[in-house]
1. Identify all residues within segment 233-257 that are open to solvent by 90 Å² or more (accessible area, probe 1.4 Å) and either charged (D, E, K, R) or farther than 18 Å from GLY302 by Cα (or both); write none if there are none.
2. Mind listing whichever residues of segment 56-67 are touching an Asp or Glu at 6+ places or on another chain (Cβ under 9 Å) and open to solvent by 20 Å² or more (accessible area, probe 1.4 Å)?
3. For segment 126-145, which positions are surrounded by 24 or more Cβ atoms within 10 Å (Cβ to Cβ) and hydrophobic (A, V, I, L, M, F, W, C)?
4. Looking for whichever is outside any loop (DSSP other than H, G, I, E, B) and charged (D, E, K, R) here; the options are LYS196, LYS190. Which one fits?
5. State whether one or more residues within segment 209-229 are touching a helix residue (DSSP H, G or I) at 6+ places or on another chain (Cβ under 6 Å), in a loop (DSSP other than H, G, I, E, B) and hydrophobic (A, V, I, L, M, F, W, C).
6. Looking at segment 98-105, is at least one residue under 30 Å from ILE332 (Cβ atoms), modelled with pLDDT of 95 or more, open to solvent by 10 Å² or more (accessible area, probe 1.4 Å) and under 19 Å from the mean Cα position of the chain (by Cα)?
7. I want to confirm something. Restricting to segment 76-97 and keeping residues that are assigned to a helix (DSSP H, G or I) and of a type in the set (Gly, Ala, Ser), which single residue is surrounded by the fewest Cβ atoms within 10 Å (Cβ to Cβ)?
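The values are calculated or read from the model by the stated rules, or taken from the named source; none is laboratory data. Here the structure is a predicted model, which means the values were calculated and not measured. Using ideal geometry, Cβ is built from the backbone for each residue, glycine included, and neighbour counts are taken over all protein chains shown. Accessible surface is based on the protein model in full, side chains and every heavy atom, while ligands, DNA and RNA are left aside. Shrake-Rupley method; radii C 1.70, N 1.55, O 1.52, S 1.80 Å.
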Amino acid sequence: MSEITRVALDAMGGDNAPREMVKGAVEAVQKRKDIKVLLTGKEDVIRKELSAYTYPKEQIEIVNATEVIETAEPPVKAIRGKKDSSIVVAMKMVKKGEADAFVSAGSSGAVLVGGQVLVGRIKGVERPPLAPLIPTLKGVSLLIDCGANVDARPSHLVQFAKMGSIYMESVMGKKNPTVGIVNIGAEEEKGNALVKETFPLLKECPDINFIGSVEARDIPYGAADVIVCEAFAGNIILKLYEGVAGALLKKVKKGMLSSLRSKIGALLVKPALKGVLKDFDTSEYGGAPLLGLNGLVVKTHGSSKSKEVCNSIIQCVAFKEQKINEKIKEAIQQETLEEKKEEKEVE
């Protein structure tokens, strides 16, 4: 039997907590025997939700946490002040090695702050980025960063490219993944100061397969396997992606139900359309890992339902099995050695 992956799940975080969090945990352990979910939060509330399901009891454990960090709370103050919150308790379990991963749909700010303060960055990692998988015509691409670092520097983006490449190759099985930087045009001289400074650094980087600039309209077509940007642009891309997908789906449904003829046509195309829509459903790909930490932290949408929570939990298994943290650590150490070598040569 495979080694058990222990996932601490914030049962109290998100718009649909605790119901959808608990349901997602149950769905995950029903699908996989190599997962144990540690539900952190108010024990009586969680136990009441669990009572509605039949599941393998040994695969779900409740870890009592009496406090809840609300979305509107200042993240730093919340992490420091609410030491018995579901987020803090779960992250400390990852820090101590009592859990292999942490998943939350709660406060993004608290998850980002807690990840850095409680779990801690890998030595040499300047900024940990959020990196969700997004659907494209060619499969999926990794968007990095989508929300953690709105004021990034060129060196941060270079590390994002390296960490993203490791993730796509190890977890998604994409050999020598292509890397593109988000820009307003394909020409090298285009872009803001950050893009212009980062472009030559990525171009000279021997351990990534850099293909140049990628315009936003080309992202859904699978222009690159790893899409690099700072979090301001990344978050806009992600939210627009989701909004357009939702709006198009509503338009398609409305059109199919507009007349008797379209309803008959809808019945005929339904099987094929269902498969296409599934491929472009972002909830199929789980949450966004916060890469570059000493443990795995995954942030799911605040509005996550059980399917996305379940997929986020299962996603943690591949992350652990492929030893992503160890590979990132090796890459960053190599980068540090090369920098020191260059400094000595200059001297």
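1. LYS239, LEU248, LYS250, LYS251, LYS253, LYS254, LEU257
2. We begin by selecting, within segment 56-67, every residue touching an Asp or Glu at 6+ places or on another chain (Cβ under 9 Å); these are 62-67.
Answer for segment 56-67, where residues must be touching an Asp or Glu at 6+ places or on another chain (Cβ under 9 Å) and open to solvent by 20 Å² or more (accessible area, probe 1.4 Å): ILE62, VAL63, ASN64, THR66, GLU67.
3. First, the residues of segment 126-145 that are surrounded by 24 or more Cβ atoms within 10 Å (Cβ to Cβ): 128-132, 141-145.
LEU130, ALA131, LEU142, LEU143, ILE144, listed by residue number.
4. Matching residue, one of LYS196, LYS190: LYS196.
5. no
6. Scanning segment 98-105 turns up at least one residue that is under 30 Å from ILE332 (Cβ atoms), modelled with pLDDT of 95 or more, open to solvent by 10 Å² or more (accessible area, probe 1.4 Å) and under 19 Å from the mean Cα position of the chain (by Cα).
7. The initial filter retains those residues of segment 76-97 that are assigned to a helix (DSSP H, G or I), namely 76-81, 86-96.
Narrowing further to those that are of a type in the set (Gly, Ala, Ser): 78, 81, 86, 90.
Numbers: ALA78: 23, GLY81: 13, SER86: 31, ALA90: 34.
Looking at residues that are assigned to a helix (DSSP H, G or I) and of a type in the set (Gly, Ala, Ser), I get GLY81.
Let's see how each residue does on (1) within 29 Å of SER155 (Cα to Cα); (2) under 14 Å from the mean Cα position of the chain (by Cα); (3) at pLDDT below 90:
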| site | (1), (2), (3) |
| --- | --- |
| ARG217 | yes, no, no |
| ALA231 | yes, yes, no |
| SER258 | no, no, yes |
| LEU268 | no, no, yes |
| VAL298 | yes, yes, no |
| LYS305 | no, no, no |
